[in-house]
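Take a look at the structure set out below.
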Amino acid sequence: MEAGEDFGPWLARQLKLADMTQTELAQAVEVTRAAVSAWITGRAAPRPETIERIAAALNTDLATVHTRTTDTQAGLPVGWYHRPGHADGGRELGNAAAFAFDADVSVLARETCQNSLDERLTANGQPVRVRYTLHELTGETLARFREAIQWEDLFPHYEAASTQEQKVGRVIDAGLRDMYEHDRLVLLRVDDYNAAGLTGDDYDDGRFAAVVRRQLDSHKSGTSAGGSYGLGKATLWATSRLGLVLMNSTLSEPHEGRTERRLIGRLDLPWRQVHGKPWAGPAWLGRPDPDSRGAAVARSWWADEEMVESLHLKRESGEPGTSFLIVGAHDVASLADDSPVSDGDEGEDDDSIQRMHRRLVRALGKNFWAAMTGGGDQLPLLEASVRTLRNGEVVLAEERVDPTITQPSRTRALKAFLDGATVEQLTEAGQVAAVTVPLNLPARSGGRASLGEHRAVLLVTDAEDADGKPNRVAAMRGNRMTVRDVPVPGLPLSVNPFQAVLLAGEAAGPRAPFAAEAEEFLRAAEPPEHNKWGQTEELTLTYSPSAYRRIASLTRETNAAIKELVARPKKRSTAGGGRLAPKLTVGAGKRPRRLSAATLPVLEELDAQVLDGGAWQVIGDIRIPAGGHTWRLVPVAKFDVRSGPRPTIAWAELVGVDNCQVVDGTLRFDEARTATFRGVTDPTTHAVRTSLSGLVVELRTGEGESLS
């Protein structure tokens, strides 16, 4: 049985809720006022027969008084408190913080999962578990839920807000029409376990007040926290067409002597007039606070099991954490989602729970694959899953996000690092190379020029098809949420596809120098979206206007290290079964003469492969003598035959890759000593099947001389 609150504080609050004085209780239970005072201060405890009379006086059952895990239902009932309009006539026509994000379930997944990671309880070493539940209500199930949230009291406020021409009014109007015309309402619940929960007082500094009462209060501790602006929680309300979020929290630290079923609801509407009175915007579902004037402010309350069930907020265990229920969830980004529908999706609209389910899974895998990866003696930081219901029945079974499926190569790279199984150079398929790259940390404003050098860890491995686009580098900090995912520029086309991971700050490991300082620096360099590192106002104010250059230097060092790791050794390739015959001869007129390589461009290497469709792709590396920018060379592709003239093949594509360009079919070189070109043949001009032939590439000068 759950441990209840001490009798004295519990009884004092019940008297406030029932608007009853100590003298009135003393008269009802036939004791002196001094006896009641002694119970409240903890100097004495009532006898069993007196407890029965206390329960009757408070109009509650005997078990409630004995367990004291919930408030009595006497006195002030749970209801909606709407903030009155401002006395100076000011109006807010919506929550500005919610406009920082789109109503996109992918954005919601990124922000809420990041918040859960930041609130993970680390003492037990276990991951934080986050579950997303999409639940479509229809018919009688929807009617019962509307009754539980006191819809009749809310509807006049919704009706007034929906008539406004601003964006918020249009969104609310669409949500109301969807619910009434289609008799459905989509709930999206986000549960986390092994997290801190909404601890703290209703009004003072703490997690509860930061989420429920305030804007732009992140209340994050620790340098590795992902959030720093206090904007992420706004995605909860932005995802609701009705601007309504309900919360049930199990606390990691007792409040008022208890931990389970702390409930509150918050509604974000624009300014409106209802029944001739102006209302400022937000409203809260809770128990009227007897300490406020006229008990006109709602505070959180300790709900019973029946209330939690009716609000669809029942948690699966007593493990600390919070359940957020988004009422009227929608996903505007699904309008552009052209992914194929799964079985049963036919006829569903763009807000279908099936589409939203798939988008949540993809977003979690893309952004948090690293946090879901463990290795060595480290467990994953995060476990995430998505399930979909309709009226309590399973539509899509719970799907745990597996990083080895969503990002196999990067997951392999990170696991190898955690296992201590990396290598210095890539020599075999499946290996993971690891090097360190420097991040020179500036001191805070007014300090010395440099704080020290942090060594971030760079991992590189072969790419797999399931990874998505290859030749990219994903960067992250200590909470291992992907912050940057960008292509590596300036790569030779001959490199094998790869994926790279940059672990900075505390993600680089406990032995990385200046890890905590790097966390703080990079956190200041992230915008509210936490999707890049660069110049921000916080970075400029905390460090200096030029501090962002340290990040640009880290990027250059990272790209240079990647290119060195993925550079292919100089060797000739015979991919596709064909033969290449690079030669260096030159002739003039009918009597060709052989020239010295010191005076000619030298074709050092030809790599080739047969593409799908039968075309040859050729990549040629050329060494150019001094003054080589005056050369004009024409690559000519021919079939290799034993005798007779070699049949010429036309180019479908001919481009300069490095230090050269193609003008009218002719290679023209820059002021450089090396150059690379790429050519793709036209299969319609092939006289012989590609797989049964060899290939020769001849280089001719613009004046007709040939380098074959």
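The values are calculated or read from the model by the stated rules, or taken from the named source; none is laboratory data. Not measured: the values here are computed from a predicted model. A quick note on method: Cβ atoms are made from the backbone with ideal geometry, for glycine too, and the neighbour counts reach across all protein chains shown. Note: areas computed on protein heavy atoms with side chains; ligands, DNA, RNA excluded. Shrake-Rupley method; radii C 1.70, N 1.55, O 1.52, S 1.80 Å.
General remarks:
- Every listed requirement among (1) under 30 Å from GLU140 (Cα atoms); (2) among the polar types (S, T, N, Q); (3) open to solvent by 70 Å² or more (accessible area, probe 1.4 Å) is met by THR404 save one, (1).
- Residue within the stretch 445-463 that is aliphatic (A, V, I, L, M), at pLDDT below 95, part of a loop (DSSP other than H, G, I, E, B) and crowded, with 19+ Cβ neighbours inside 10 Å present: yes
- First in the stretch 661-675 and on the phi > 0 side of the Ramachandran plot, second anywhere and open to solvent by 20 Å² or more (accessible area, probe 1.4 Å), Cβ under 7 Å, 6 or more apart: GLY665/VAL634; GLY665/LEU654
- Positions within the stretch 157-173 being open to solvent by 40 Å² or more (accessible area, probe 1.4 Å) and closer than 23 Å to VAL105 by Cα, in sequence order: GLN166, LYS167, ARG170, VAL171, ASP173
- Among (1) touching a Phe, Trp or Tyr at 6+ places or on another chain (Cβ under 6 Å); (2) closer than 19 Å to LEU565 by Cβ, the one test that ALA525 misses: (2)
- If you filter the stretch 73-85 down to residues that are modelled with pLDDT of 75 or more and in a loop (DSSP other than H, G, I, E, B), you find that the one that is farthest from the chain's Cα centre (by Cα) is PRO77.
- Residue that is nearest to VAL395 (Cα to Cα), among those in the stretch 190-216 that are open to solvent by 10 Å² or more (accessible area, probe 1.4 Å) and of a type in the set (D, E, K, R): ASP192
- Test for ASN479: is it farther than 28 Å from PRO127 by Cβ and of a type outside the set (A, V, I, L, M): no
- The condition of being farther than 23 Å from ALA298 by Cα and open to solvent by less than 10 Å² (accessible area, probe 1.4 Å) holds for only one of LEU176, LEU187, LEU154, that being LEU187.
- Picking from residues in the stretch 1-43 that are assigned to a helix (DSSP H, G or I) and of a type in the set (Gly, Ala, Ser), the one that is farthest from TRP302 (Cα to Cα) is ALA34.
- Filter result (farther than 19 Å from GLY286 by Cα and out of contact with any Phe, Trp or Tyr (no Cβ under 9 Å at 6 or more places or on another chain)) within the stretch 61-74: ASP61, LEU62, ALA63, THR64, HIS66, THR67
- Filtering the stretch 491-502 to residues that are farther than 19 Å from ARG549 by Cα and among the hydrophobic types (A, V, I, L, M, F, W, C) leaves LEU491, LEU493, VAL495, PHE498, ALA500, VAL501.
- Subset tally (residues that are small (Gly, Ala, Ser) and closer than 21 Å to GLY243 by Cα) for the stretch 185-217: 2
- For the stretch 428-444, filtered to residues that are under 28 Å from the mean Cα position of the chain (by Cα) and part of a loop (DSSP other than H, G, I, E, B), the residue that is surrounded by the fewest Cβ atoms within 10 Å (Cβ to Cβ) is GLY430.
Yes/no per residue for (1) farther than 23 Å from HIS686 by Cβ; (2) assigned to a loop (DSSP other than H, G, I, E, B); (3) open to solvent by less than 20 Å² (accessible area, probe 1.4 Å); (4) not hydroxyl-bearing (Ser, Thr, Tyr):
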position	(1), (2), (3), (4)
GLU604	yes, no, no, yes
ALA608	no, no, yes, yes
GLY613	no, yes, no, yes
ILE619	no, no, yes, yes
VAL636	no, no, no, yes
ALA672	yes, yes, no, yes
ALA675	yes, no, yes, yes
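- Among (1) among the aliphatic types (A, V, I, L, M); (2) buried (at least 23 other Cβ atoms within 10 Å of the Cβ); (3) assigned to a helix (DSSP H, G or I) - the single one ALA516 does not satisfy: (2)
- Qualifying positions in the stretch 537-562 - farther than 27 Å from GLY490 by Cα and either in contact (Cβ under 8 Å) with a residue 24 or more places away in the chain or of a type in the set (Val, Ile, Thr) (or both): GLU538, THR540, LEU541, THR542, TYR543, SER544
- Scanning the stretch 246-273 for residues that are part of a loop (DSSP other than H, G, I, E, B) and either farther than 22 Å from GLY328 by Cα or open to solvent by 20 Å² or more (accessible area, probe 1.4 Å) (or both) returns LEU251, SER252, GLU253, PRO254, GLU256, GLY257, THR259, GLU260, ARG261, TRP271.
- Counting only residues that are assigned to a strand (DSSP E or B), of a type outside the set (Lys, Arg) and open to solvent by 10 Å² or more (accessible area, probe 1.4 Å), the stretch 484-509 holds 3 of them.
Here is a yes/no grid of residues against (1) open to solvent by less than 50 Å² (accessible area, probe 1.4 Å); (2) assigned to a helix (DSSP H, G or I); (3) at pLDDT 95 or above:
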position	(1), (2), (3)
VAL327	yes, no, yes
SER334	yes, yes, no
ASP338	no, no, no
SER342	yes, no, no
ASP350	no, no, no
LYS366	no, yes, no
LEU389	yes, no, yes
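- Cβ-Cβ contacts under 7 Å between residues 6 or more apart (or on different chains), taken from a first residue in the stretch 394-405 that is more than 15 Å from LEU364 (Cβ to Cβ) to a second residue that is among the charged types (D, E, K, R) and open to solvent by less than 90 Å² (accessible area, probe 1.4 Å), are listed as ALA397/ARG387.
- Members of the stretch 293-322 found to be open to solvent by less than 40 Å² (accessible area, probe 1.4 Å) and among the hydroxyl-bearing types (Ser, Thr, Tyr), listed by number: SER300, THR322
- Which numbered condition GLU49 misses (of (1) farther than 18 Å from ALA12 by Cβ; (2) open to solvent by less than 20 Å² (accessible area, probe 1.4 Å)): (2)
Let's see how each residue does on (1) more than 29 Å from ARG13 (Cα to Cα); (2) modelled with pLDDT of 90 or more; (3) surrounded by 23 or more Cβ atoms within 10 Å (Cβ to Cβ):
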{"position": "ARG241", "(1), (2), (3)": "yes, yes, yes"}
{"position": "LEU244", "(1), (2), (3)": "no, yes, yes"}
{"position": "HIS275", "(1), (2), (3)": "yes, no, no"}
{"position": "PRO290", "(1), (2), (3)": "no, no, no"}
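- For PHE101: the one exception among (1) open to solvent by 40 Å² or more (accessible area, probe 1.4 Å); (2) modelled with pLDDT under 80: (1)
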